[in-house]
Amino acid sequence: MSIGTTRICHVEIIVRDIEQGVKNWSAILGLPEPEIWNLPANTTVPVYSKGVYSDHSDTRLAVFKAENTLIELVQPGDTPSPFKDWMDKHGEGVMHLAFVVPDRAKANATLKEIGAPECHHIGYWPEGTYAFYDTIPQLGLQINIKTDEDNTSKIPELLADPKLFEKDLL
């Protein structure tokens with residue numbers, strides 16, 4: 001069994017200083033400096049992290065569009081988040097590789113086969129879902145499993161009843 005794809009859609013790198021990170025990556029890639037923005041509040045993009053409905057809107061992000069993938073630089077905020085956890089435990093560096101898969105249940109089953117635990121963080125953008133898996137013992141980093149799906153009707157349901165997150169965790 002496999003996760004259903006070999007295409008990496010992005011590499012996420014945790015940084016302490018996103019402005020400096022953007023300048024450095026821009027210089028080595030020869031690309032313009034992308035906009036730095038904060039993750040949306042959980043009222044727009046609901047997230048469930050470590051069993052808790054969470055808000056990571058103090059987390060800053062910049063995305064480079066390379067030829068073959070995206071490079072996401074992330075500066076964690078002060079509130080608890082998977083990004084802050086990574087910085088606290090591992091410092092700066094690659095946190096995860098992200099894959100867009102056709103079937104999240106199949107990808108989850110494949111990760112279970114190699115001994116990975118259930119996802120510890122799941123979020124819903126209007127155009128897709130993402131889930132972080134702590135696969136450090138198995139793969140040396142975390143894996144982000146993404147699916148392209150229309151969440152526009154699901155988001156209001158999750159905002160009304162965050163317990164629905166638990167039903168969606170695979």
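The values are calculated or read from the model by the stated rules, or taken from the named source; none is laboratory data. Predicted model, so just to flag it, every value in this text is computed and none were measured. So basically every Cβ, Gly included, is an ideal-geometry build from the backbone, and we count neighbours across all protein chains shown. Surface accessibility is based on the protein's heavy atoms, side chains included, excluding ligands, DNA and RNA. Shrake-Rupley method; radii C 1.70, N 1.55, O 1.52, S 1.80 Å.
Computed values, structure above
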| quantity | calculated |
| --- | --- |
| Of all residues in region 87-132 being assigned to a helix (DSSP H, G or I) and in contact with a Gly (Cβ under 7 Å, 6 or more places away or on another chain), the one that is least open to solvent (accessible area, probe 1.4 Å) | A107 |
| Selection within region 133-155 - of a type in the set (V, I, T) and either in a strand (DSSP E or B) or at pLDDT 95 or above (or both) | T135, I136, I143, I145, T147 |
| Total residues in region 17-52, condition touching a helix residue (DSSP H, G or I) at 6+ places or on another chain (Cβ under 7 Å) and either touching a residue at least 60 places away in the same chain (Cβ under 8 Å) or open to solvent by 80 Å² or more (accessible area, probe 1.4 Å) (or both) | 6 |
| Any hit, region 57-71, residues being in contact (Cβ under 8 Å) with a residue 60 or more places away in the chain, part of a strand (DSSP E or B) and surrounded by fewer than 20 Cβ atoms within 10 Å (Cβ to Cβ) | yes |
| Residue check, N108 among the polar types (S, T, N, Q) and under 20 Å from E149 (Cα atoms) | yes |
| Meets criteria (buried (at least 18 other Cβ atoms within 10 Å of the Cβ) and in a loop (DSSP other than H, G, I, E, B)) for H10 | no |
| Among (1) surrounded by fewer than 19 Cβ atoms within 10 Å (Cβ to Cβ); (2) at pLDDT 90 or above, the one test that L169 misses | (2) |
| Selection status of I3, under 30 Å from I114 (Cα atoms), part of a loop (DSSP other than H, G, I, E, B), open to solvent by less than 40 Å² (accessible area, probe 1.4 Å) and of a type outside the set (D, E) | yes |
